[in-house]
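Engineer: I'd like to ask you about the structure that follows.
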Amino acid sequence: MHCCRFLICLTFFVATDLFAQPNGDIKKSLVRISVTEAEPDYKAPWNSGGIQRGIGAGFIIDGGRIMTNAHVISNSRYVTVEREGDPNKYPAKVLFVAHDCDLALIQVTSPNFAKGMAPLTFGGIPELESTVSAYGYPIGGQRMSVTTGIVSRIDFQLYTHSSIDSHLAIQISAQINPGNSGGPVMQNAKVVGVAFQGYSGDVAQGVAYMIPTPVINRFLKDVSDGHYDRYVDLGVTYSKLQNPAQRRFLGLQDDDRGVLVNNVISAGAAGKALQSGDVLLSIDDHPIASDSFVELEGERMEMPEVVERKFKGDTVKLDLLRDKKPMTVNIELQPLWPYLFQGHHYDVQPRYVVYGGLLFQPLTLDMMQAYQPQDLRLRHYFDYFVAEQIYLEHPEVIVLTNILPDPINTYLSPYRGGIVDEINDQKIRTLDDLAKVLAEPAERFVVRMIGDGPPLVLDPKGVDAARERIKKRYNVVKEQNLSEQPPPKPPIGEDQA
């Protein structure tokens, strides 16, 4: 299960005695989830990956579905569910996964599982300093536990499962430690959140977060049509406008309204509607304060929260100033695909091409974490892929990540970590481009990398002669994977316990 260095996904709750149940008989709703998963191997992507096992929590909602965290069932191969007072492990199937907001729905098909179970309902956003209770299972144990605490902050936070998505999150003081994620956080017998991440002990003590109901409700509405479309994004960066001199320069009144657009991502929904230097005054008729907050449902929230609650194909209305002149634009919202490049990928096999013992892969966060490259050019392409719109020329940045040593590729180690620019004068924009060029008949392949230096040259006849030798020596069962297809999963009734 994915964890980051400081802000980590939760994997168990500290056990405490359960003397009272102000939220009802939670035992009829809470479940324990066991997962067998295969972690992708980006250094040898033709392998199936290392097998790991983990435990998570979940709870029954309407329709007999079980809600949990995405990181609980990510990369899963086999999932079972247990309920209180029942010794059986019920095989479950994954219905929907939202890696961008760390939520998932699973379901047990056995008709006996739901007998006596009670679905939970959802409440609203709890007030600051109000008390909540977090339910789950202690690590290594079978019995339910509960901790209580207060709501201490309501704010946008990074969701570490994807590493790139920030959504509304609620900080609570309940003592929740690494162990069992996905349990409900309750108040007045209603779910007000799903526990999902907290800081490691060397950074902060007693700081944990739950996914609030606006995020949960959006996820449930998104999947109601049978498909998850991901979050939408305007694709802009902006600055607060609180300096009086700056406000006068931009033609703003002294009314504490407006934020300044810095960059507009051309691939984003606002790519053709907004410009750098625009001043956003309101969004869907909600005035935007100079600190970027709006009032929404009686609460002050950051401006992106208005967009967060919308879906693919919805529109958002923006009132703005451009060159000190008022105007209004309506923007159709879409997911922002270039950002996916900088986040973790789950439930898919790594994409790659092996040719002559040279391993070519798209530059991704998972690849970067696997190889820990020190090359500054590579880091620049990763860090500024969106900000500098590198994706316009390179929708995928193709890297020579590794070399499987063989006589056919001797003395090529200086090219390791290089970014492929052209092969035989053909521009390489994607991994598919590279695979297509290398499949063409040619006397030689001249591979030019970005930057200075001589090209890398490959002899196709020599590569063909070495192919079986390299495959056997390094157990390369498949020389390429060009699609992000999910790995095969067993039938729901198949027993792999």
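Engineer: Kindly provide the set of residues from segment 398-441 that are assigned to a loop (DSSP other than H, G, I, E, B) and β-branched (Val, Ile, Thr), ordered by number.
Structural biologist: The answer is THR410, ILE428, THR430.
Engineer: Also, I was wondering about something else. Please go through (1) on the phi > 0 side of the Ramachandran plot; (2) within 21 Å of the chain's Cα centre (by Cα) for ASN69 and return the number of the only condition it doesn't satisfy.
Structural biologist: (1)
Engineer: Is segment 378-386 home to any residue that is among the charged types (D, E, K, R), in a helix (DSSP H, G or I) and outside the structural domain of GLY268 (by TED's automatic domain parsing)?
Structural biologist: Yes.
Engineer: Give me the residue from segment 369-417 that is surrounded by fewer than 18 Cβ atoms within 10 Å (Cβ to Cβ), among the hydrophobic types (A, V, I, L, M, F, W, C) and at pLDDT below 95 and, out of that set, nearest to the chain's Cα centre (by Cα).
Structural biologist: Looking at residues that are surrounded by fewer than 18 Cβ atoms within 10 Å (Cβ to Cβ), among the hydrophobic types (A, V, I, L, M, F, W, C) and at pLDDT below 95, I get ALA387.
Engineer: Further question: Condition (residue is among the basic types (Lys, Arg), farther than 18 Å from ASP464 by Cα and touching a residue at least 12 places away in the same chain (Cβ under 8 Å)) applied to segment 433-445: is it met by at least one residue?
Structural biologist: No, there is no match, as no residue in segment 433-445 is among the basic types (Lys, Arg), farther than 18 Å from ASP464 by Cα and touching a residue at least 12 places away in the same chain (Cβ under 8 Å).
Engineer: Consider only pairs whose beta carbons are under 7 Å apart and that are at least six residues apart or on different chains; among these, list those whose first residue lies in segment 404-428 and is assigned by TED's automatic domain parsing to the domain that holds GLU468 and of a type in the set (Asp, Glu) and whose second residue is assigned to a loop (DSSP other than H, G, I, E, B) and surrounded by 15 or more Cβ atoms within 10 Å (Cβ to Cβ).
Structural biologist: ASP406/GLY357; ASP421/ILE428; ASP421/ILE450; GLU422/ILE428
Engineer: Here's something else I'd like to know. Count, please, the residues in segment 149-176 that happen to be farther than 20 Å from LYS310 by Cβ and among the hydroxyl-bearing types (Ser, Thr, Tyr).
Structural biologist: 4
Engineer: Still on this structure: Consider PRO455 against the criteria (1) surrounded by fewer than 18 Cβ atoms within 10 Å (Cβ to Cβ); (2) at pLDDT below 95; (3) over 30 Å from PHE113 (Cβ atoms): it satisfies all of them except one. Which criterion is unmet?
Structural biologist: It fails just one condition, (2).
Engineer: Another question about this same structure. Which strands (runs of 3 or more DSSP E) sit wholly inside segment 161-227 and have at least 3 residues that are at pLDDT below 90?
Structural biologist: Those strands (runs of 3 or more DSSP E) span 176-180, 190-199.
Engineer: What is the one condition in (1) part of a helix (DSSP H, G or I); (2) out of contact with any Leu (no Cβ under 9 Å at 6 or more places or on another chain); (3) hydrophobic (A, V, I, L, M, F, W, C) that VAL294 does not satisfy?
Structural biologist: Going through the list (1) part of a helix (DSSP H, G or I); (2) out of contact with any Leu (no Cβ under 9 Å at 6 or more places or on another chain); (3) hydrophobic (A, V, I, L, M, F, W, C), VAL294 breaks only (1).
Engineer: Restricting the search to segment 230-241, which residues are out of contact with any Asp or Glu (no Cβ under 6 Å at 6 or more places or on another chain) and either surrounded by 14 or more Cβ atoms within 10 Å (Cβ to Cβ) or at positive phi (or both)?
Structural biologist: The answer is VAL232, ASP233, LEU234, GLY235, VAL236, THR237, TYR238, LEU241.
Engineer: Considering only segment 245-282, how many residues are within 23 Å of LEU168 (Cβ to Cβ), in a strand (DSSP E or B) and under 26 Å from the mean Cα position of the chain (by Cα)?
Structural biologist: 2
The values are calculated or read from the model by the stated rules, or taken from the named source; none is laboratory data. Remember, it's a predicted structure, so these values are computed and weren't measured experimentally. We place every Cβ from the backbone using ideal geometry, glycine too, and count neighbours over all the protein chains shown.
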